[in-house]
Structure formats: structure tokens, C-alpha cells
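> First the structure, which I've put down as C-alpha cells, then a few questions once you've had a look.
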């Protein structure tokens, strides 16, 4: 994870979960996805971890009880939302 965070900082020096903001939005909940974010598909499904981000797509990975092997998919950004985690 340290290597991913170093890479992210090299392309976006202020890349921290609490400070990354979209140029058109003003709250962390609407900030762009970053590696390590926990997300859901807007229509439901398992919690997934963001493993890569491009301009239009987000790659996510997850486990489920039905499929205990690591699953990975690349999805359009619009299909995802940041998960509501009780902390």
C-alpha cells in the first residue's frame, strides 16, 4: 500500500483521503476515488476496494462468501459510490 500511496502522491501531491477534492465539488464524500477507497455499485452489491483509477474507470476488488477467491472488475466511475461505513 505504501508503494501505491507514493505513486499517487507523485501524480497528485495533495492526495490524502481527507483532502482530495474534485474541482467542481467541495466535500470529501464527492471527491474523486483514490486507491484504497471502499465503494459499492450504486445498485447494490458487496463492499469493494478501489485498486486503480483512470480518467473514466475504476478497478475494484472484493471477496464474497459465494466466491471466496479475489474478484476484480473495471467499472465506469458513474456506477460506483463511496460506501457508508460506520466508524
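The values are calculated or read from the model by the stated rules, or taken from the named source; none is laboratory data. Note that this is a predicted model, so its numbers are computed, not measured. Here Cβ is always computed from backbone atoms with ideal geometry, including for glycine, and neighbour counts include all displayed protein chains.
> Can you confirm whether segment 23-34 contains a residue that is loosely packed, with under 15 Cβ neighbours inside 10 Å, in a strand (DSSP E or B) and either modelled with pLDDT under 50 or over 10 Å from the mean Cα position of the chain (by Cα) (or both)? Please lay out each step first, then the result.
First, pick out the residues of segment 23-34 that are loosely packed, with under 15 Cβ neighbours inside 10 Å: 23-30.
Pick out the ones that are also in a strand (DSSP E or B) and you get none.
Within segment 23-34, not a single residue is loosely packed, with under 15 Cβ neighbours inside 10 Å, in a strand (DSSP E or B) and either modelled with pLDDT under 50 or over 10 Å from the mean Cα position of the chain (by Cα) (or both).
> Is there any pair with a first residue in segment 63-75 that is modelled with pLDDT under 95 and a second that is surrounded by 12 or more Cβ atoms within 10 Å (Cβ to Cβ) and assigned to a loop (DSSP other than H, G, I, E, B) whose Cβ atoms are under 6 Å apart and which are 6 or more apart or on different chains, and what are they?
Taking only residues 6 or more apart or on different chains, the pairs are 64/46.
> Taking segment 40-87, which residues are out of contact with any strand residue (DSSP E or B) (no Cβ under 8 Å at 6 or more places or on another chain) and not in a loop (DSSP other than H, G, I, E, B)?
Once the filter is applied, which keeps residues that are out of contact with any strand residue (DSSP E or B) (no Cβ under 8 Å at 6 or more places or on another chain) and not in a loop (DSSP other than H, G, I, E, B), segment 40-87 yields only 78.
> Go through segment 52-70 and give me each residue that's surrounded by 14 or more Cβ atoms within 10 Å (Cβ to Cβ) and over 15 Å from residue 35 (Cβ atoms).
Looking only at segment 52-70, we keep the residues that are surrounded by 14 or more Cβ atoms within 10 Å (Cβ to Cβ), and these are 52-53, 57-60, 62-63.
Once the filter is applied, which keeps residues that are surrounded by 14 or more Cβ atoms within 10 Å (Cβ to Cβ) and over 15 Å from residue 35 (Cβ atoms), segment 52-70 yields only 63.
> What is the residue count in segment 45-61 for residues that are at pLDDT 95 or above and more than 12 Å from the chain's Cα centre (by Cα)?
0
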